[in-house]
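Here the structure comes first, spelled out in structure tokens, and everything after it is commentary.
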Ligand code: ADP
């Protein structure tokens, strides 16, 4: 599906098919003294099948047609003409074209089905995950409010307050989840409009920490931004969201009192910013998945979250032409590295 979206990619499969036919013809030339031409046809058939599986029907049909022409021209006597003396070869050509067409049609149908199934599976997984995330707080809110209404006369002030607190807390959670889902949808659609402005990283990190001050507790936050760090061009509100998710995670997945380090330097013409914590860390096999939508690591279950934060950060950072990755030693903490392009002076 992606292939058709990308401009310039449309002729690529056809070039590949020309390449394949060229290579198969060379192979045919090498063995034509030893093998019957009808056996050499198998090379071309292989090319048709590979092209059909990887690039779909039309490139495969082109491979089939080119193969027949190349086979006839180079590998069937009389060589270097399209004339055929031996009537038998006409059957070979006919059969080859038919097989090529059938194989390419079948494989492209299978391909389309696989893509369709994968999309359906993904949609239902996302829907399940979203509905579960939304349902849990809704059930708690409804439960708390029903208990208040049904037992109004029997409950004392403290019990009423507790129920109201539950309802409030869960409403806030619901609000966070809905906002995350909206952010995800907005940043994922590929039409994210970012308005970049030069921004001083010191101010930027300062704003992040200011917004998270209630969660910082007694953590020791060390900031180290290299002196030669130029301004970076970012959409401030969006990039703030991206960094808040990462720094918030560093706070969520580490213990109060531990250290958090935030550093920035200019490496290979890029701004390289890292956020390091000394918390739970991430297992090696999870490192590649934590940026996926709704992915939460098993042991993170007792920490509130939706599994959307990092995927939103990734979308925003990539929309800026940047890159985010994570390194970790499980049990010893995690480091998130964000690279952003710098304007050349
Ligand atoms: P969540 O809402 O669950 O925090 P994120 O997308 O922000 O979702 O993160 C995905 C998962 O990656 C988290 O559930 C957590 O398991 C893991 N993770 C993210 N940051 C850290 C970190 N600094 N230390 C340990 N684990 C982390």
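How far apart, in nanometres, would the label points at residue 191 and residue 285 be if each is projected 7 angstrom from Cα along the Cα-to-Cβ direction? Placing both labels 7 Å along Cα→Cβ, they lie 4.1 nm apart. Among bridges DSSP assigns within the chain, what percent are antiparallel (round to 5)? Looking only at bridges with both residues in the chain, the antiparallel portion is about 80 percent. If you run the Gaussian network model on the chain, springs between alpha carbon atoms under 10 Å, then out of 50, 141, 262 the most flexible one is 50. The angle between the Cα long axis of helix 37-55 and the longest principal axis of the Cα atoms of the chain comes to about 20 degrees, rounded to the nearest 10.
Once both labels are positioned 7 Å from their Cα atoms along Cα-to-Cβ, the gap between residue 98 and residue 171 label points is 7.3 nm. Residues considered: 114, 11, 329. Largest GNM mean-square fluctuation over the chain, using C-alpha springs under 10 Å, is found at 11.
Counting only DSSP beta bridges with both residues in segment 197-341, the antiparallel share comes to about 80 percent. When the chain is treated as a Gaussian network with alpha carbon springs shorter than 10 Å, the biggest mean-square fluctuation among 309, 94, 169 belongs to 94.
For segment 12-118, the calculated P(r), taken from all Cα-Cα distances in 5 Å bins from zero up to the bin holding the longest distance, is 2, 14, 23, 23, 17, 10, 5, 3, 2, 1 percent.
Against the empirical curve 2.2 N^0.38 Å, the C-alpha radius of gyration of segment 14-53 lands at a ratio of 1.15. Dividing the alpha-carbon radius of gyration of segment 134-189 by the rule-of-thumb value 2.2 N^0.38 Å gives 1.46.
Helix 57-70 and the longest principal axis of the C-alpha atoms of the chain enclose an angle of approximately 30°. Per residue, the convex hull spanned by the alpha carbons of segment 174-225 comes to 122 Å³.
When the inverse distances between all different Cα atoms of segment 197-341 are averaged and flipped, the Kirkwood radius reads 15.3 angstrom. Taken over the chain, the convex hull of the Cα atoms encloses 204 Å³ per residue.
The stretch between residue 149 and residue 15 holds 41.1 nm of extra length on full extension. This uses 0.36 nm per residue minus the Cα-Cα distance. Distance between the C-alpha centres of segment 45-114 and segment 254-272: 57 Å, rounded to the whole angstrom.
Between the helical axis of 12-31 and the longest alpha-carbon principal axis of the chain there is an angle of about 40 degrees.
The numbers here are math on the coordinates, done by the rules we state, and not lab data. Since this is a predicted model, take the numbers as computed values, not measurements. Because the Cβ atoms are built from the backbone with ideal geometry, glycine has one as well, and the counts that use them run over all protein chains shown.
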